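Undergrad: Input: one structure, supplied below.
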Amino acid sequence: MTLDDQDVQVMLDELRRLSRERIVPARSPWEQLMPPAHLSQLLQSIAALGVLPSPQEEDACGLWADCLSPGGMALSLGMLTVLGQGSAAVAWACHRRALARMVVQRAGLAAAHDPAGVMTLLSTGHHGLARDCLGRWLRGSGPLADDDARMLSDWLDRRAHGVRLWAPEGWSHVLWPVWVMDKVQWRLTPRSNLQVQAHRADHGLNELEGCTLTLRHDPDDPISSLDASASRQLMADVLSLEFLGLLAISAGVLSCGLELARTQAGLRRQGGCLIGQHPAVQTMLAEMEATHRVLSHGLQGCHRALTQTTLLDAAAMRLSHSPALLTAIHHTMQIHGGMGYMRDVGPEKLVRDMNMLRWGAGGVQALPLLIAGLQEALA
Amino acid sequence: MNSTTPHLAGHVPLDDSLSPRWQFDHLPALARCLSAYPMTDLWDMDTAALPRPLRGIRQRARQFAEQHIAPVSATLDLAPHLPPGQIHPQAQALLRTAGQAGWLSYFLPPPLGSMSWTATPYPPIWHCTLVVEEFSRACGGLMLLLSAHHLGTMPLMLSGEPGTLMRHMLPVYRACLAGDPHLMAFAITEPSAGSDVEDGHGARQHRPGLVARPSPGGWLLRGRKCFISGGDLARTLTVFAALEGEGMDSWTCFLVDASSPGFQVMRTELKMGMRASGAADIEFNDVFVPHSAVVGGLRKGWAINRAVLNTSRIPVASMGVGFARAATEIAVQFARRYRLGGRPLIDYQEVQMQLADMVAQTRALRGLIWQEARHAWRPRQLQASVCKFHATDHAQQVCDMALDLLGDHGALHEHGLERVLRDVRLTRIFEGTNQINRLSLIEDWQAQLLDPDHAPGV
């Protein structure tokens, strides 16, 4: 199905309506977590809109369903931004579920997927992005060095290392990369084959279940059998969509922060005038606006087939936007003064959720070495 | 030289002939007087450089923090939010222990307080920064629970009235030392005025929210205060109110007994961090305050308020150092322990670079604070504000760097790092936002800036 700009806008408008009517009210009051049942209902409503098609559906037009057309990418990135503006946790859950669907199809695991089950996805290993080894392997020029193989094997060793997962309660399967004979394959593991250790408390995305997963034993889970080229391409695409997806969600979170900050600036008085008239506050608002615009334009630049946006592009975008996003979301809190620090006002939740977006998918710290590994000049 | 001595990847072992340590050991004696390669722990090194009495304070504070504060930190951070006036048993126990150990009374020497006489030649603010750093490192919330009390006592200290100290400070200190913690709190913030009560320009425009009306024998206070640290547990508060019919120039400090009729803690805030300490919203419904409870004299409140902020902002900066240090130490321990690709993270150069930046930043902030604190007998507004905004902004950055290093492992409460991040965030807001503190620097610098015949030094 080919989507033009108008199709995309109609679908995004529909999602905005749902967000306004269902997601935004569900996140209030800020200090109370959305109950799991409520989150589940929301996700069902979102799925009913066509945002989250099942792996069995061919030619769907939901989130990450079509990464080969400008319209498909515009729709996906737009959806995540809209969802992020309502709730980062809802957006994260949809993003990971949709990515899982995409991978299940491309990895040839669709038949193994139980339609009644709820899949989620982990895109990386237990810490970071395997330094520059992953980038070199993805580049695929020349034989794999022993050190690189050792690193990647360890990075994706699911029995030796626990990995963090944040997903809606009741998830039934995790789709995650594993290292098999010098290639990344995808393993669809049911929850029953995992040691799941619930977290006592997490920093953000608290609407989701936070847990640490370890593969319990050597089960007979469905696993892909991609050749070397397909394996590299799929891993690169997953990481690209991860990075772009998290940026799109971040744009939504920042958008929410901007709205809160502008409202506060137009209401609160200090020194005899509205705080929005003070240059210190104007500067912060302007920085937020600039960050939002630059990111939005950057994401618009990715409204093209995924084949035209390299992993290097996506990684570079995430690396360069992250510091400004962090600063900008903190401005939301700073503009609110003491109120902004309180859990019932909003900004502090946005800060915590934005931190989670920053630390997920290998984190931002790991990106420079991934980029170094990807670059031809370092062959 | 082949060595089996453990060493970090990318660095020669200490017994390698190209190691500076090995080389320096083989210099002539006279040269060794000028070039050394000490292996002392950095904390020990800094402590040894302090004057002896302050050395003792720092050591005792650290010991107390590790023994009593750190063990209950995680529990109190996750504890359910309690109604005003209620306190978690572990927090109550800590207050009692801290009081008996002198941590609630160290701004004055005996017989009034627990400051050592040998430490009296050094500014109390310096003592305080040492203590606050150690306590912050262990737990921001409990540090604030203990420190907010000192903030509450500051107007009495700065009143210039020996009688006030004897009548009001002495009983408070004695109760604390006896294991009956009598907490005080400092109440300036009003619902319509956060920054306006900390900045002259803002105060000039502000219509006071808490007003004192004359009454036989004293005053009746009516209005509201908010975000008062420790205000939910304080028995006595130093409360600032304008006199009826007058503006902020009339601000007066009143010593208010929390058990007075009309005094009510309406709620305590749901804070992002520093959760072991409450931030109270307090209503005053004609609370009677006798004339004898006016601190420093009528219409002296604004001056006392500003003096208190000058006193408190350097220790607040020290909170930042405590948090930055905690974050760095947690990151170092994580990097030493956690293995990737068969090696500890600390073996990797990019991790070493990150840790080096964190250590440098933390130590630079401490250097700034100690430099100002050592001379802070009469802390200057400019210096206090510089410390406050610079240290806390950069401490936040150090904490962010630590979390970047841990990645999503840092999101878990059990590592303690995300709590440090939540705690440090408040230091950029209270005691005047960092934006207000920047303006506070300029306000204090006005005389030099406006003098046409003088090029201001920095």
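Undergrad: Out of B:A307, B:A327, which single residue is closer than 30 Å to B:D232 by Cα, within 14 Å of another protein chain (Cβ to nearest Cβ) and modelled with pLDDT of 95 or more? Steps first, please.
TA: On the way: B:A307 fails: within 14 Å of another protein chain (Cβ to nearest Cβ).
Only one candidate passes the filter, namely B:A327.
Residues checked against (1) farther than 16 Å from B:Q86 by Cα; (2) at pLDDT 95 or above:
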site: B:G223; (1), (2): yes, yes
site: B:M248; (1), (2): yes, no
site: B:T252; (1), (2): yes, yes
site: B:V256; (1), (2): yes, yes
site: B:S260; (1), (2): yes, yes
site: B:E269; (1), (2): no, yes
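Undergrad: Next question. Could you count how many residues in the stretch B:75-86 are over 21 Å from B:W103 (Cβ atoms) and either modelled with pLDDT of 95 or more or surrounded by fewer than 16 Cβ atoms within 10 Å (Cβ to Cβ) (or both)? Can you show your working first?
TA: So in the stretch B:75-86, the residues over 21 Å from B:W103 (Cβ atoms) come out as B:78-86.
The next check asks that each one be either modelled with pLDDT of 95 or more or surrounded by fewer than 16 Cβ atoms within 10 Å (Cβ to Cβ) (or both); those that pass are B:78-83, B:85-86.
Looking only at that region, the number is 8.
Undergrad: Of (1) assigned to a helix (DSSP H, G or I); (2) more than 9 Å from chain A (Cβ to nearest Cβ); (3) over 30 Å from A:S123 (Cβ atoms), B:R378 satisfies all except one. Which?
TA: Status for B:R378: all satisfied but (1).
Undergrad: Every residue in the stretch A:329-379 that is of a type outside the set (G, A, S) and farther than 24 Å from A:A89 by Cβ, please.
TA: Here is the first cut: in the stretch A:329-379, the residues of a type outside the set (G, A, S) are A:329-336, A:339, A:341-345, A:347-359, A:364-365, A:367-371, A:374-376, A:378.
Result: A:P368, A:L369, A:L370, A:I371, A:L374, A:Q375, A:E376, A:L378.
Undergrad: Then there's this: Does the stretch B:235-272 hold any residues that are under 28 Å from B:L78 (Cβ atoms) and of a type in the set (A, V, I, L, M, F, W, C), and which are they?
TA: The answer is B:A258, B:V265, B:M266, B:L270, B:M272.
Undergrad: Checking A:E209 against (1) within 14 Å of chain B (Cβ to nearest Cβ); (2) charged (D, E, K, R); (3) in contact (Cβ under 8 Å) with a residue 40 or more places away in the chain; (4) in contact with a helix residue (DSSP H, G or I) (Cβ under 6 Å, 6 or more places away or on another chain), which test does it fail?
TA: Single failed check for A:E209: (4).
Undergrad: B:R337 - would you say it is of a type in the set (K, R), within 13 Å of another protein chain (Cβ to nearest Cβ) and within 27 Å of A:G128 (Cβ to Cβ)? So that I can check it myself, show each step before the final result.
TA: Details: of a type in the set (K, R): yes; within 13 Å of another protein chain (Cβ to nearest Cβ): yes; within 27 Å of A:G128 (Cβ to Cβ): yes.
So B:R337 fits the description; yes.
Undergrad: For A:E21, which of the numbered conditions (1) over 19 Å from the mean Cα position of the chain (by Cα); (2) not in a helix (DSSP H, G or I) fails to hold?
TA: Failed condition: (2).
Undergrad: Then there is this: Scan B:Q381, B:Q354, B:Q333 and give me the residue that is among the polar types (S, T, N, Q), surrounded by fewer than 24 Cβ atoms within 10 Å (Cβ to Cβ) and free of Cβ contacts under 8 Å to residues at least 12 places away in the same chain.
TA: B:Q333
Undergrad: In the stretch B:413-445, what residues are surrounded by fewer than 23 Cβ atoms within 10 Å (Cβ to Cβ), more than 8 Å from chain A (Cβ to nearest Cβ) and not in a loop (DSSP other than H, G, I, E, B)?
TA: B:H415, B:L441, B:I442, B:E443, B:D444, B:W445
Undergrad: Something else: Run down A:G117, A:G162 and say which single residue is at pLDDT 95 or above, in contact with a strand residue (DSSP E or B) (Cβ under 7 Å, 6 or more places away or on another chain) and closer than 30 Å to A:M34 by Cα.
TA: Numbers: A:G117 fails: at pLDDT 95 or above.
Checking each option against the conditions leaves just A:G162.
Undergrad: Residue check: is A:A328 surrounded by fewer than 19 Cβ atoms within 10 Å (Cβ to Cβ), in a helix (DSSP H, G or I) and touching a residue at least 12 places away in the same chain (Cβ under 8 Å)? Please lay out each step first, then the result.
TA: On the way: surrounded by fewer than 19 Cβ atoms within 10 Å (Cβ to Cβ): no; in a helix (DSSP H, G or I): yes; touching a residue at least 12 places away in the same chain (Cβ under 8 Å): yes.
So A:A328 does not fit the description; no.
Undergrad: Among the residues of the stretch B:226-237, is any out of contact with any helix residue (DSSP H, G or I) (no Cβ under 6 Å at 6 or more places or on another chain), away from chain A (no Cβ under 14 Å) and among the hydroxyl-bearing types (S, T, Y)?
TA: Yes, that holds for at least one residue.
Undergrad: Output the number of residues of the stretch A:180-224 satisfying the condition of being of a type in the set (G, A, S) and closer than 22 Å to B:H415 by Cα. Break it down stepwise before answering.
TA: Of the residues in the stretch A:180-224, the ones of a type in the set (G, A, S) are A:192, A:198, A:201, A:204, A:210, A:224.
Going one step further and asking which of them are closer than 22 Å to B:H415 by Cα, we end up with A:198, A:201, A:204, A:210.
The total comes to 4.
Undergrad: Is there any pair with a first residue in the stretch B:244-268 that is of a type in the set (V, I, T) and a second that is part of a helix (DSSP H, G or I) whose Cβ atoms are under 8 Å apart and which are 6 or more apart or on different chains, and what are they?
TA: Matching pairs, first to second residue: B:T252/B:G301; B:V256/B:A293.
Undergrad: Then there's this: Suppose we keep only residues that are crowded, with 21+ Cβ neighbours inside 10 Å and among the charged types (D, E, K, R) within the stretch A:122-140. Which one would you say is nearest to the other protein chains (Cβ to nearest Cβ)?
TA: Of everything passing the filter in the stretch A:122-140, A:R131 is nearest to the other protein chains (Cβ to nearest Cβ).
Undergrad: Would it be correct to say that A:M356 is closer than 30 Å to B:T268 by Cβ, surrounded by fewer than 21 Cβ atoms within 10 Å (Cβ to Cβ), at the interface with chain B (Cβ under 10 Å from one of its Cβ atoms) and not β-branched (V, I, T)? Can you show your working first?
TA: Numbers: closer than 30 Å to B:T268 by Cβ: yes; surrounded by fewer than 21 Cβ atoms within 10 Å (Cβ to Cβ): no; at the interface with chain B (Cβ under 10 Å from one of its Cβ atoms): yes; not β-branched (V, I, T): yes.
In short, no.
Undergrad: Looking for something surrounded by fewer than 17 Cβ atoms within 10 Å (Cβ to Cβ), in a strand (DSSP E or B) and within 14 Å of chain B (Cβ to nearest Cβ) - is there at least one such residue anywhere in the stretch A:258-267? Steps first, please.
TA: Quick first cut of the stretch A:258-267, residues surrounded by fewer than 17 Cβ atoms within 10 Å (Cβ to Cβ) only: A:259, A:262-263, A:266-267.
Next, from what is left, pick out any that are in a strand (DSSP E or B): none.
No, the stretch A:258-267 has no match at all.
Undergrad: Separate question: Would you say B:A101 is more than 25 Å from B:H415 (Cα to Cα), hydrophobic (A, V, I, L, M, F, W, C) and in contact with a strand residue (DSSP E or B) (Cβ under 6 Å, 6 or more places away or on another chain)?
TA: Numbers: more than 25 Å from B:H415 (Cα to Cα): yes; hydrophobic (A, V, I, L, M, F, W, C): yes; in contact with a strand residue (DSSP E or B) (Cβ under 6 Å, 6 or more places away or on another chain): no.
In short, no.
Undergrad: Regarding B:D393, is this residue within 14 Å of chain A (Cβ to nearest Cβ), assigned to a helix (DSSP H, G or I) and modelled with pLDDT under 95?
TA: On the way: within 14 Å of chain A (Cβ to nearest Cβ): yes; assigned to a helix (DSSP H, G or I): yes; modelled with pLDDT under 95: no.
No.
Undergrad: Another question, if that's okay. Looking at the structure I just gave you, is B:E372 of a type outside the set (A, V, I, L, M, F, W, C), more than 13 Å from chain A (Cβ to nearest Cβ), surrounded by 22 or more Cβ atoms within 10 Å (Cβ to Cβ) and at negative phi?
TA: Working: of a type outside the set (A, V, I, L, M, F, W, C): yes; more than 13 Å from chain A (Cβ to nearest Cβ): yes; surrounded by 22 or more Cβ atoms within 10 Å (Cβ to Cβ): yes; at negative phi: yes.
Taking the combined requirement at face value, the residue satisfies it.
Undergrad: Counting residues that are farther than 30 Å from B:L94 by Cα, which helices (runs of 4 or more DSSP H) fully inside the stretch B:1-64 reach at least 1? Break it down into steps so the answer makes sense when it comes.
TA: Details: elements: B:20-25, B:29-34, B:42-48, B:52-64.
Qualifying helices (runs of 4 or more DSSP H): B:20-25, B:29-34.
Undergrad: Please work out which residue is nearest to the other protein chains (Cβ to nearest Cβ), limiting yourself to the stretch B:183-211 and to residues that are among the charged types (D, E, K, R) and in contact with a strand residue (DSSP E or B) (Cβ under 8 Å, 6 or more places away or on another chain). Talk me through it step by step, then tell me what you get.
TA: Step one: filter the stretch B:183-211 for residues among the charged types (D, E, K, R), giving B:190, B:196, B:198-199, B:204, B:207.
So of that shortlist, the ones also in contact with a strand residue (DSSP E or B) (Cβ under 8 Å, 6 or more places away or on another chain) come out as B:190, B:196.
Details: B:E190: 11, B:D196: 6 Å.
My answer is B:D196.
Undergrad: Oh, and also: Can you tell me how many residues within the stretch A:327-353 are within 22 Å of the chain's Cα centre (by Cα), more than 7 Å from chain B (Cβ to nearest Cβ) and farther than 27 Å from A:W155 by Cα?
TA: Count: 10.
Undergrad: Given the options A:V281, A:V253, name the one that is touching a Leu at 6+ places or on another chain (Cβ under 8 Å) and buried (at least 18 other Cβ atoms within 10 Å of the Cβ). Walk me through it before giving the result.
TA: Details: A:V281 fails: touching a Leu at 6+ places or on another chain (Cβ under 8 Å).
Unique residue meeting the criteria: A:V253.
Undergrad: With the requirement that a residue be of a type in the set (G, A, S) and either touching a Lys or Arg at 6+ places or on another chain (Cβ under 8 Å) or under 21 Å from A:C302 (Cα atoms) (or both), what does the stretch A:231-261 give you?
TA: Within the stretch A:231-261, A:S231, A:A236, A:S240, A:G245, A:A248, A:S250, A:A251, A:G252, A:S255 meet the criteria.
Undergrad: Look at A:A314 and say whether it is crowded, with 23+ Cβ neighbours inside 10 Å, among the hydrophobic types (A, V, I, L, M, F, W, C) and in contact (Cβ under 8 Å) with a residue 40 or more places away in the chain. Outline the logic, then answer.
TA: Numbers: crowded, with 23+ Cβ neighbours inside 10 Å: yes; among the hydrophobic types (A, V, I, L, M, F, W, C): yes; in contact (Cβ under 8 Å) with a residue 40 or more places away in the chain: yes.
It is true that A:A314 is crowded, with 23+ Cβ neighbours inside 10 Å, among the hydrophobic types (A, V, I, L, M, F, W, C) and in contact (Cβ under 8 Å) with a residue 40 or more places away in the chain.
The values are calculated or read from the model by the stated rules, or taken from the named source; none is laboratory data. Note that the coordinates shown come from a computational prediction; the quantities given were computed from them, not determined experimentally. Heads up, the Cβs are rebuilt from the backbone with ideal geometry, glycines too, and the neighbour counts pull from every protein chain shown.
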